[in-house]
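The numbers here are math on the coordinates, done by the rules we state, and not lab data. The structure presented is a predicted model; accordingly, all values stated were derived computationally and were not measured. Neighbour counts run over all protein chains shown; Cβ positions are idealised from the backbone, glycine included.
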Amino acid sequence: MDQKEIYELLAEKLGTAALGFNDEGVEAHADVAPKNIAEACLFLRDDERLAFDQLMCLSSIDWDGYDENGKGKSVKILGYTNEGQPETSDRVGEGDFGVAYSLYSHSKLHKFTIRVRVPRAKAAVPSVAQVWSTADWHEREAWDLMGITFEGHPSLRRILLEEHWEGHPLRKDYQMPDKWDNVPLSGQPYSNNPFPTPVVTPDPTPDQPAGDDPVEG
Amino acid sequence: MAIENIKTNTGWADQDHVPGLKSELLELNMGPQHPATHGVLRLVLHTDGEIVYKVTPVMGYLHRCAEKIAEGVNYKQWVVYTDRFDYLSPMTCNHAYVTALEKVMQQEVPERAEHIRIVVSELSRMASHLIALATFGLDMGAWTPLLYCFREREVILDLLERISGGRMLYNYMVPGGVRYDIPKDNWASDVLDFITMIEKKKLKDYNELLSYNKIFIGRLANVAVIDPETAFDYGCTGPVLRGSGVKFDCRKDDPYSLYHKFDFDIPVGLGEMGTVGDCWDRYMVRVREIEQSCRIIRQALESLPEGPYSALELKKPVKAPAGAAYSRVESSKGELGHYIIADGGQTAFRNKVRSPSFCNLQVIEKAGVGLMVSDLVALIGSLDIVLGEIDR
């Protein structure tokens with residue numbers, strides 16, 4: 001089925017919650033109101049004409065500093081300075097968070113992409129883990145790395161990082177910690193190395209008696 | 001106590017099964033340093049004697065946040081990071097990334113480059129499947145097939161070294177083509193000799209040694225059956241999905257590159273030794289895929305056109321116009337997808353990787369319940385996961 005037709009079916013079901021269809025660029029996508037996303041996904045899966053039985057990918061997006069005009073990167077990725085200290089900045093992230101759902105139907109052989117946008121201050125989206133079980137881990141990953149809460153998720157906890165990690169690294173305004181469990185993370189200059197290589201003084205070796213060289217071969 | 005009762009009884013741990021005797025579930029850590037978990041994967045098992053009641057995978061030991069790195073380096077510099085995802089078949093990972101990037105860039109690729117890409121991707125897939133057979137046999141207690149499979153993989157590594165310069169991590173494909181042309185010193189005919197040897201002799205060896213071995217079948221038939229509905233629901237792809245009897249392969253059903261030009265079959269699990277979707281079916285799909293890879297390589301090399309091997313200048317960084325696209329390829333483990341959002345610059349604004357092992361492993365939470373601990377090892381081996389890809 002054509003992407004436009006899929007969107008029309010979805011818009012018929014959702015009414016005003018379907019926010020628009022964008023087919024500019026390489027891949028078309030539909031925008032849906034965040035609070036209706038679980039309902040929309042359930043419809044897309046269960047409707048016989050659509051039958052989207054596979055959630056291919058669930059991507060979290062931080063739209064902070066997105067510049068369509070192609071002026072290069074508007075947000076600098078923070079790293080470590082030459083002295084080995086983490087770079088800091090006072091910039092507070094702005095712009096929305098987004099989630100993109102890429103769907104595929106094995107029986108109808110069509111694809112579709114839905115996107116939602118949520119404000120940065122309240123980054124929460126209803127969970128679709130009840131619709132496709134594979135969303136469970138994808139949503140945990142999105143929470144872990146991007147900090148988007150999925151309401152109604154069976155157990156929303158970190159999946160790739162440590163459970164007591166602070167912050168969400170894929171956010172554009174994430175700042176690296178300088179220490180983790182009291183261990184400096186990286187980039188320490190050699191002079192400040194907290195674990196200096198021990199200096200080993202070689203034992204004075206006795207003179208080898210002449211003619212005792214090992215025979216080669 | 002019957003397994004069904006354990007599965008259905010949610011308040012299991014609080015009950016006294018033998019009057020007067022208190023019993024409880026045993027919490028057992030399997031991994032992260034365990035030979036059967038195929039990497040640094042930790043499984044927290046709740047077991048009742050030998051029977052697994054609950055499986056909770058814990059991963060992230062290999063996490064490097066490559067998606068964050070993608071936002072800091074330019075498009076071409078990130079190809080090396082894709083090598084490190086599935087380090088057993090890096091060529092297919094390269095292929096997935098450059099395909100996605102070319103979709104966003106709307107970049108055409110010369111036909112010769114596409115042929116070379118397909119040949120090296122299929123060689124890499126064969127190497128990955130050989131490791132899958134070898135380590136699966138090892139998990140089941142068969143030592144000899146490991147040596148056989150590694151011997152043939154060594155030949156593939158030598159061939160890929162001659163074309164790319166690397167033995168394990170290649171960094172071979174670039175947006176717009178490949179980095180080097182096919183070497184002039186009979187590389188193509190050596191590949192053809194190799195696949196003829198695999199088709200004529202080696203596959204027969206593996207089947208005699210391992211596939212139709214009575215003990216091996218006894219360990220795998222009817223074990224950890226995954227039905228097609230579960231496979232769809234959990235997003236399983238690749239040999240895991242095909243082992244469940246579903247004829248789906250991105251190379252056929254969602255063609256990319258030039259795969260639509262070549263003639264090959266999609267092997268699926270048939271339930272020859274037991275039920276459709278058991279461990280043996282998932283294993284056998286891989287053996288048969290090696291044969292199909294040989295067919296694709298032969299066709300691709302015999303119809304190799306002349307011409308340039310890269311559409312773009314190698315040393316210049318590339319730019320992608322603003323836009324977003326999801327693109328997927330069939331890697332050796334399943335559907336490997338990239339969701340790339342470009343803002344018009346030289347760096348990806350967001351690059352999300354959908355890795356097949358990540359989704360395939362999740363099914364263990366369902367399929368692993370009620371198995372014996374030794375059968376859980378068979379299940380992990382038949383899923384053929386790579387932790388570099390799960391943790392990224």
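For the protein assembly as shown, what D do you get in µm² per second when you plug the Kirkwood radius from alpha-carbon pairs into Stokes-Einstein at 37 °C and 0.692 mPa s? Answer, rounded: 126 µm²/s.
If a spin label sat at a point 7 angstrom from the Cα of residue B:61 along the line to its beta carbon, no backbone N atom of segment B:240-262 would be nearer than 14 Å. As a proxy for reagent exposure, A:115, B:125, B:42 were ordered by neighbouring Cβ count within 10 angstrom, fewest first; the result is B:42, A:115, B:125. Note on residue A:42 and residue A:5: with the Förster distance fixed at 22 Å, the Cβ-Cβ geometry gives a FRET efficiency of about 0.70. Per residue of peptide B:338-344, the mean number of Cβ atoms on other chains within 10 Å of the residue Cβ is 6. Cross-link pairs exceeding 18 Å between alpha carbons, from the set A:108/B:247; B:214/B:333; B:103/B:319; A:108/B:366: B:214/B:333; A:108/B:366.
The mean number of Cβ atoms from other chains found within 10 Å of a Cβ in peptide A:159-172 is 3, as a whole number.
Using θ = phi - 60° in the Karplus curve 6.51 cos²θ - 1.76 cosθ + 1.60, the 3J(HN,Hα) couplings for segment B:204-211 round to 5, 4, 4, 5, 5, 6, 10, 4 Hz; x is entered for Gly and Pro. Plainly put, segment B:235-367 has a radius of gyration that is 1.06 times its Kirkwood radius, both from alpha-carbon atoms, as the Rg/Rh ratio. From the Kirkwood radius over Cα pairs of chain B, Stokes-Einstein at 20 °C and 1.002 mPa s returns a whole-number translational diffusion coefficient of 98 µm²/s. Ranked by how many other Cβ atoms sit within 10 Å of their own Cβ, fewest first, the residues A:89, A:133, B:327 fall in the order A:89, A:133, B:327. Near residue B:376, once Lys and Arg are set to +1 and Asp and Glu to -1 for all other residues with Cβ below 13 Å from its Cβ, the sum equals -1. Among the GluC sites (Glu not before Pro) found in segment B:229-300, not one is both in a DSSP coil and sparsely packed, with 11 or fewer other Cβ atoms within 10 Å of its Cβ.
Peptides A:9-22, B:66-79, A:146-159, A:53-66 ranked from most to least packed, by the mean per-residue count of other Cβ atoms within 10 Å: A:53-66, B:66-79, A:146-159, A:9-22. Put the Cα centre of segment B:368-382 next to the Cα centre of segment B:57-116 and the gap is 32 Å. In the protein assembly as shown, helices alone account for a calculated mean residue ellipticity at 222 nm of -10000 deg cm²/dmol, with every DSSP H run of four or more residues adding -39,500 (n - 2.57).
Per-residue mean of foreign Cβ neighbours for B:232-240 is 5 (Cβ atoms of other chains, 10 Å radius).
Potential lengthening of the chain between residue B:167 and residue B:214 amounts to 13.4 nm, from the contour at 0.36 nm per residue minus the alpha-carbon distance. For the peptides B:346-359, B:366-379, A:163-176, the ranking by packing is B:346-359, B:366-379, A:163-176, with the highest mean count of neighbouring Cβ atoms within 10 Å listed first.
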